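Inspection log for the structure reproduced underneath, given as structure tokens.
The values are calculated or read from the model by the stated rules, or taken from the named source; none is laboratory data. No experiment lies behind these values; they were computed from the predicted model shown. We place every Cβ from the backbone using ideal geometry, glycine too, and count neighbours over all the protein chains shown.
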Amino acid sequence: MTGERKLIGRSSSLFSRDAVWQVPDGLEVETSDQYDITRRQVLFQDIFFVTHHRMFGVGYLVATGLISLFFVGIAMLVIGIGGADEWVAALVILGIGMPAILSFLLRLLFRLDVITIYGKRSKASIRFRLRKQRARQVYAQICATVRNAQTHMARAIEAEEAAQAPTILIEELPPMPPEEPELGPSP
Amino acid sequence: MTAAATITGPQCPHCDIPLTQDWIRTGTIVCPYCSRGFDATVFHPVERKQRVIEVATAGPEGANQCANHVRNAAVTSCQRCGLLICSLCEMNLGEGSLCPSCFDRVRAEGTLRTAVTRYRDYTALGRLTLIAGIVFTFFFLSIPLGAMAMYYGRKGALQRRAEGSSAFGPYTIVVLGLLEIFGGLAFIGFIIWSVTQAGK
């Protein structure tokens, strides 16, 4: 368990639910796998690439679009068969399909903001559905924190290396023995 | 999409195709493969150089050689098996130095607290048992499942407190679990009362 954690965002998809927390030395990603949680860290000192992009999410749009179409189709069919008097039934059907219709329209209008943080060994991603301003803030905040952490680390390493620099002792070589005269061929 | 996964290098966040060095820069980048744009910031993390002392240069006091690297001087010994290890082999997560083999073992056992990355989500378990108790009330299961929800809720609250989060959710589960037990008892009482009334 880590202390001083601050939730900065979540990333939910069809298959996984993740929460990204900021901890003093990096980002902690908690992946929910049914009733187990896997925790991984992307350390600030390892981050080398941070991206921010917007996307529709084709799978999500297709799924919500098809569900919306299904309910709208049934509502239209009810009005088509029963006439305009059946508008209450059509409204009820549209009401049931409203979450899917709203999700489809909201995604189409606002798209999905994704921030991806690439570390040397792992990556983290945070998704923002509606809060665009917050997404930009988090992107700027992560970049500033990483820059700060890496500058501090570079200074610390420099100081450490300066403190540990080996002192090279240049010792004088001992004098060479006097050259012996070459012996001539023995008589 | 997985939020934390092993990666091989910087990728396009749209298509996940690895980007070559020419495309890694700060600013707006258009992916050469999918032609979609994204904002990016590049950082240059500093590498911490590992200082390894060779036995030949270690001097008389550091002349013990590492058990895994014969040319390296040992800087410490493993606190679990006592093996002499060099700075390359030393694994220290704030709970003492371990050699790589012992580190793997204690990590697999789950006894090294700081190396545990997978744990049980008791709050989610409490929520599940609470809902199951409501669903299976008519099978007289709300009493044991309510008790389980209280147990998991309590453990979830302790877990949340340990990590500095709010324990409101787990405590709500504890209270609802208690209500579920009372509800289950009331249901059993009602059944007994109904049976006795029908017998009269």
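For the reader, a short list of remarks on this structure follows.
- A:Arg54 vs. criteria among the charged types (D, E, K, R) and touching an Asp or Glu at 6+ places or on another chain (Cβ under 6 Å): yes
- Of all residues in the range A:33-49, those being out of contact with any helix residue (DSSP H, G or I) (no Cβ under 7 Å at 6 or more places or on another chain) and either β-branched (Val, Ile, Thr) or surrounded by 15 or more Cβ atoms within 10 Å (Cβ to Cβ) (or both) number 10.
- The range A:101-112: number of residues that are surrounded by fewer than 20 Cβ atoms within 10 Å (Cβ to Cβ) and either small (Gly, Ala, Ser) or in contact (Cβ under 8 Å) with a residue 24 or more places away in the chain (or both): 7
- Considering residues of the range B:1-22 that are β-branched (Val, Ile, Thr) and within 13 Å of A:Lys120 (Cβ to Cβ) only, the residue modelled with the lowest pLDDT: B:Thr6
- Among the residues of the range A:1-17, those identified as more than 7 Å from chain B (Cβ to nearest Cβ) and either in contact with a Leu (Cβ under 9 Å, 6 or more places away or on another chain) or within 16 Å of A:Tyr139 (Cα to Cα) (or both) are A:Lys6, A:Leu7, A:Ile8, A:Gly9, A:Arg10.
Residue by residue, here is whether (1) within 30 Å of A:Gly9 (Cβ to Cβ); (2) at pLDDT below 90; (3) at the interface with another protein chain (Cβ under 9 Å from one of its Cβ atoms) holds:
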residue: A:Gly82; (1), (2), (3): no, yes, no
residue: A:Ile93; (1), (2), (3): no, no, no
residue: A:Met153; (1), (2), (3): yes, yes, yes
residue: A:Ile170; (1), (2), (3): no, yes, no
residue: A:Met176; (1), (2), (3): no, yes, no
residue: A:Pro185; (1), (2), (3): no, yes, no
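- Within the range B:172-193, the presence of a residue that is within 13 Å of chain A (Cβ to nearest Cβ), out of contact with any strand residue (DSSP E or B) (no Cβ under 7 Å at 6 or more places or on another chain) and modelled with pLDDT of 90 or more is excluded.
- B:Leu88 meets the conditions (1) surrounded by fewer than 16 Cβ atoms within 10 Å (Cβ to Cβ); (2) in contact with a helix residue (DSSP H, G or I) (Cβ under 8 Å, 6 or more places away or on another chain) in every case but one. The failed one is (2).
- Checked against the criteria, A:Ala100 does not count as within 14 Å of chain B (Cβ to nearest Cβ) and farther than 30 Å from B:Pro10 by Cβ.
- For A:Gln164, the conditions (1) modelled with pLDDT of 90 or more; (2) more than 27 Å from B:Pro18 (Cα to Cα) are fulfilled apart from (1).
- Residue match in the range B:121-137 (condition: in a helix (DSSP H, G or I), touching a Pro at 6+ places or on another chain (Cβ under 8 Å) and under 24 Å from A:Arg40 (Cβ atoms)): yes
- For the range A:18-45, residues that are facing chain B (nearest Cβ under 9 Å) and over 13 Å from the mean Cα position of the chain (by Cα) total 9.
- Subset of the range A:46-60 (residues that are more than 7 Å from every other protein chain (Cβ to nearest Cβ), more than 30 Å from B:Arg127 (Cβ to Cβ) and assigned to a helix (DSSP H, G or I)): A:Val58
- Number of the condition not met by A:Gly65 [criteria: (1) touching a strand residue (DSSP E or B) at 6+ places or on another chain (Cβ under 7 Å); (2) surrounded by fewer than 19 Cβ atoms within 10 Å (Cβ to Cβ)]: (1)
- Residue match in the range B:153-174 (condition: in contact (Cβ under 8 Å) with a residue 12 or more places away in the chain, over 26 Å from A:Arg39 (Cα atoms) and of a type outside the set (A, V, I, L, M, F, W, C)): no
- In the range B:23-52, residue farthest from A:Phe44 (Cα to Cα) [restricted to those that are modelled with pLDDT under 80 and either surrounded by 17 or more Cβ atoms within 10 Å (Cβ to Cβ) or facing another protein chain (nearest Cβ under 9 Å) (or both)]: B:Arg51
- Total residues in the range A:113-151, condition within 11 Å of another protein chain (Cβ to nearest Cβ), under 23 Å from A:Thr31 (Cβ atoms) and of a type in the set (A, V, I, L, M, F, W, C): 8
- The set of residues in the range A:113-147 being surrounded by fewer than 18 Cβ atoms within 10 Å (Cβ to Cβ), among the aliphatic types (A, V, I, L, M) and under 14 Å from the mean Cα position of the chain (by Cα) consists of A:Ala140 alone.
- Residue list for the range B:157-177, restricted to those being in a helix (DSSP H, G or I) and either touching a helix residue (DSSP H, G or I) at 6+ places or on another chain (Cβ under 6 Å) or not hydrophobic (A, V, I, L, M, F, W, C) (or both): B:Ala157, B:Gln159, B:Arg160, B:Arg161, B:Gly169, B:Pro170, B:Tyr171, B:Thr172, B:Ile173, B:Val174, B:Leu176, B:Gly177
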